Amino acid sequence: MRYDFGIDIGGTNIDVGLVKEHETVVSRRNIKTQQHIDPKSAIEVITASMIEQMDKFGLTSSDISSIGIGITGIIDHDKGILQWSPNLVWKDLHFSEEFEGRLGIKTVVENDANAAAIGEFFLGAGRGAVSSILVTLGTGIGGGFVNKGILYKGINGSEVEIGHMVINKGGRECHCGRKGCFERYASASGLKITIQEKMAEYEDSLMWTLEDGDATKVSTHTAFDAAALGDQAAKEALELYYDDLALGLTNVINIFQPDMVILSGGLTNVGEELMIPVRERVAKEVYSKNTDKNASIRVATLGNDTGILGAANIIRARED
Ligand SMILES: [Zn+2]
């Protein structure tokens, strides 16, 4: 029997899970990040949680094949170091050294988008694919590219930074210093801006009524709800959003030619309402449209287990 630990460290929660045979979460513990915001304290409490879970199943360190950590931030993959996490304000954390020293278990680290991409490739929507790219639609847009089971890595801790591909020259300002980046339009935050712009254009839009006359209350659902009731401004906002998302995805497909593009994030909960118009647009635009094989675009399937399962499978996606 094979066991690995998968640890997902985010700004709000740290999830520590014991995973059997790469794919079954047999136990999990949740730790509130803010209660252990000092990284040394976080490492202590994570270690204690792993020991407690091993004890529960009668396991020792020698029964565990790896500890995988997915964390928001910039990673030195080879050394297993978190170089910098703006969300957590953690810097130069030697995770591999810390956990290998405490438990004697090989420890590998990736950023959370890459860990999720690995999880989806092996166990989620990408199961059976030769290559898949995960595109996360959240506050920004993250991505991870897994080709033949191996995670693609940049030379410096940055990866496939899909979110910072310019799709509108001179467009909305981005924190990276450029203007018109994909994530400023096609992330959940980007959609909110597009909705607010349409509301400003249409004073009589139903979206004003839905949000009590306050444009700052807008969520991504505002447009889907209002469009379902026939609101013109909402329909236009969504059309613009589908155009922007499809534009960026087409670029990504043209460059990598993966057999699967997997979208994740709360926004994808609307399902086919989003996926159908995006697939239609990409199919018309993509360079390889006249060939037999083209990337399929799907929604991620691992849900709440993505963080733990992705992290527990990091070791499988290494070249060494
Ligand atoms: Zn940018």
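The values are calculated or read from the model by the stated rules, or taken from the named source; none is laboratory data. Here the structure is a predicted model, which is why all the values come from computation and not from measurement. Counting neighbours? That spans all protein chains shown, and the Cβs are built from the backbone with ideal geometry, glycine included.
Please enumerate the residues belonging to the stretch 19-48 that are at pLDDT 95 or above, of a type in the set (Asp, Glu) and in a loop (DSSP other than H, G, I, E, B). 21, 23, listed by residue number. Just so you know, in the stretch 194-227 the residues that are among the β-branched types (Val, Ile, Thr) and farther than 24 Å from residue 243 by Cβ include one that is surrounded by the fewest Cβ atoms within 10 Å (Cβ to Cβ), and it is 216.
Here residue 115 meets the list (1) touching a Ser or Thr at 6+ places or on another chain (Cβ under 9 Å); (2) under 25 Å from residue 85 (Cβ atoms); (3) outside the structural domain of residue 85 (by TED's automatic domain parsing); (4) more than 16 Å from the ligand (Cβ to nearest atom) almost entirely, failing just condition (3).
Just one residue in the set 149, 177, 124, 142 is over 27 Å from residue 61 (Cβ atoms) and surrounded by fewer than 24 Cβ atoms within 10 Å (Cβ to Cβ); that residue is 177.
For the stretch 278-316, the tally of residues that are touching a Phe, Trp or Tyr at 6+ places or on another chain (Cβ under 8 Å) and either at pLDDT below 95 or over 18 Å from residue 149 (Cβ atoms) (or both) stands at 2. Of the numbered criteria (1) closer than 19 Å to residue 318 by Cβ; (2) more than 15 Å from the ligand (Cβ to nearest atom), the one residue 158 fails is (2).
Scanning the stretch 268-302 for residues that are part of a helix (DSSP H, G or I) and of a type in the set (S, T, N, Q) yields 268, 269. Taking the criterion of being of a type in the set (A, V, I, L, M) and in contact (Cβ under 8 Å) with a residue 40 or more places away in the chain, the residues of the stretch 19-41 that qualify are 19, 25, 37. Pick from the stretch 177-204 the residues that are in contact with an Asp or Glu (Cβ under 6 Å, 6 or more places away or on another chain) and not hydrophobic (A, V, I, L, M, F, W, C): which of them is farthest from the ligand (Cβ to nearest atom)? Of everything passing the filter in the stretch 177-204, 198 is farthest from the ligand (Cβ to nearest atom).
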